[in-house]
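Written below as structure tokens is the structure these notes are about.
The values are calculated or read from the model by the stated rules, or taken from the named source; none is laboratory data. Just so it is clear, the structure is predicted and the values come from calculations on it, not from any experiment. Here the Cβ positions follow ideal geometry from the backbone for every residue, glycine too, while neighbour counts run over all protein chains shown. The area values use the complete protein model at the heavy-atom level, side chains included, leaving out ligands, DNA and RNA. Shrake-Rupley method; radii C 1.70, N 1.55, O 1.52, S 1.80 Å.
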Amino acid sequence: MKIAFYGSSLLSAYWNGAATYYRGILKDLAARGHNITFYEPDAFDRQQHRDIDPPSWARSVVYPATEAGLRAVIAEAADADIVVKASGVGVFDRELLEGVMAHARPGALRSFWDVDAAATLDEMRGHPAHPVRTALPELDLVLTYGGGQPVVSTYREFGAARCVPVYNALDADTHFPVAADPRFAADLGLLANRLPDREARVEEFFLRPAAMLADRSFLLGGNGWGDKPMPANVTAVGHVGTGDHNAFNCTPRAVLNVARDSMAQVGFSPATRVFEAAGAGACLITDHWEGIELFLEPDEEVLVARDGKDVAELLAGLTPERAAEIGEAARMRVLAEHSYTLRGAQVDALLRAQLRQVREAA
């Protein structure tokens, strides 16, 4: 089947946390026989920070972030069996959603893939004319990056015919254990871009423990932290390309996951970083959010902290041997239960069944 997928970026993870998610799922769908075209705008300097070349398993179309460029890619939706508009493209989101759904041919599956459901639903609650809310009656399927039953129920209340969470996972071809790299030596590492709805939690779960443990070293990777005041034992290294993520995860004694405010409140939303770290065999410390035990077992496969004091206490008592045991247990769990092969099988079955229903009803 031909899939036209309109998203933020497949080629660049720069300010684009969904890149690994898209790659893992779409690569597996391609292996299952789907013909995929991914449309992404030339915006936000992402094309200047590509971390992969156009892949063999998908046709990559980078279009100018202009009205003319928009019109050209919208028109191609008419050639697809399945049309997917993802959230958070960042350029002409409303026009893309309205345009590609209008151009989809009769009998095509029209779907919206929400990679930030908690934020989208918050926006929809306050805006009856929100483009997603307006489009829901015409959509056949909503897929979400996570959120569990709370997100499914809310989408259904807004009029979605069907909503299914498709969680992040591990691509074992790209995230795996490697040798430690002196560039990333630290007691605790964190990969996180500076975002308004995450900054306060980074202060609590990362910077506060650093201040409490002056004799320990802390490493911060990600964009936007250059002017942020930090304790002296914190080293900020800026953007870390995906090619260095394995080394970043494997080198510190432990790595930290800090959810954004909305995802922590909704729960059931493991970040890509959780599976990247687990796949590398890293000892992961995560802030608490509802549903963590569905993915990793607390105290055995992951360490869970409710505040910065917990992080400091966990790190202070963490031996290298204990860290290695937790990391290996997490790696075995995600390989067995949370791979993109399993997620791809889930999505493949969903799309085929839903498309069959659409065609029968046409």
With helices defined as uninterrupted DSSP H runs, which ones in the chain have an alpha carbon span along their own long axis of at least 20 Å and mean Kyte-Doolittle hydropathy of at least -0.5? 320-337, 340-361
Let a ≥ b ≥ c be the square roots of the eigenvalues of the Cα gyration tensor of the stretch 1-91; is it rounded (a/c under 1.5), or, if not, prolate (a/b larger than b/c) or oblate? oblate
Estimated dipole of the stretch 59-122 in Debye, rounded to 20 [Cβ of Lys and Arg +1, of Asp and Glu -1, Cα centre]: 220
Straight-line reach from Lys2: which lysines have a Cα under 17 Å away, not including same-chain ones fewer than 8 places off? Lys27, Lys85
Multiply the residue separation of Asp227 and Ser56 by 0.36 nm, subtract the distance between their alpha-carbon atoms, and state the gained length in nm to one decimal. 57.6 nm
If one builds a Gaussian network model of the chain from Cα atoms under 10 Å apart, the most fluctuating residue listed among Glu301, Glu138, Glu328 is Glu138
Just the accessible area per residue of the chain, please: how many Å² with a 1.4 Å probe? 40
Which value, in debye to the nearest 20, gives the size of the charge dipole of the chain about its Cα centre, when Lys and Arg are +1 and Asp and Glu are -1 at the Cβ? 780
Distance from a point 7 Å along Cα→Cβ of Arg162 to each backbone N in the stretch 106-127: keep the residues under 12 Å and list them by number. 109-111
What percent do you get for the relative contact order of the chain when only Cα pairs under 8 Å and 6+ apart count? 16
Using a 1.4 Å probe on the protein heavy atoms, what percent of the accessible area of the stretch 18-147 belongs to carbon and sulfur? 50
Before rounding to the nearest 500, sum -39500 (n - 2.57) across all DSSP H runs of length at least 4 in the chain and divide by the residue total; then give [θ] at 222 nm in deg cm²/dmol. -11000 deg cm²/dmol
Express in nm, to one decimal, how much length is gained between Leu294 and Ala172 on full extension, taking 0.36 nm for each residue of separation and deducting their alpha carbon distance. 41.9 nm
Which loop trypsin sites (Lys or Arg not before Pro) in the stretch 301-362, with loop taken from DSSP, have no more than 15 other Cβ atoms within 10 angstrom of their Cβ? Arg306
Carbon and sulfur: what percent of the stretch 150-234's accessible surface (1.4 Å probe)? 54
Please report the carbon-and-sulfur percent of the accessible area for the stretch 235-362; probe 1.4 Å, protein heavy atoms only, DNA, RNA and ligands left out. 48
Roughly speaking, what is the stretch gain from Arg183 to Ala214, that is 0.36 nm per residue apart minus the C-alpha to C-alpha distance, in nm to one decimal? 9.2 nm
At what distance in nm do the modelled label points of Ala345 and Ala102 sit from each other, each positioned 7 Å from its Cα along Cα→Cβ? 4.1
For the stretch 304-353, what class follows from the C-alpha gyration tensor (a ≥ b ≥ c being the square roots of its eigenvalues): rounded when a/c is under 1.5, otherwise prolate if a/b is larger than b/c, else oblate? oblate
Can you bin the stretch 43-176 into rounded, prolate or oblate? Criterion: square roots of the alpha carbon gyration tensor eigenvalues sorted a ≥ b ≥ c, rounded for a/c under 1.5, prolate for a/b above b/c, oblate for the rest. oblate
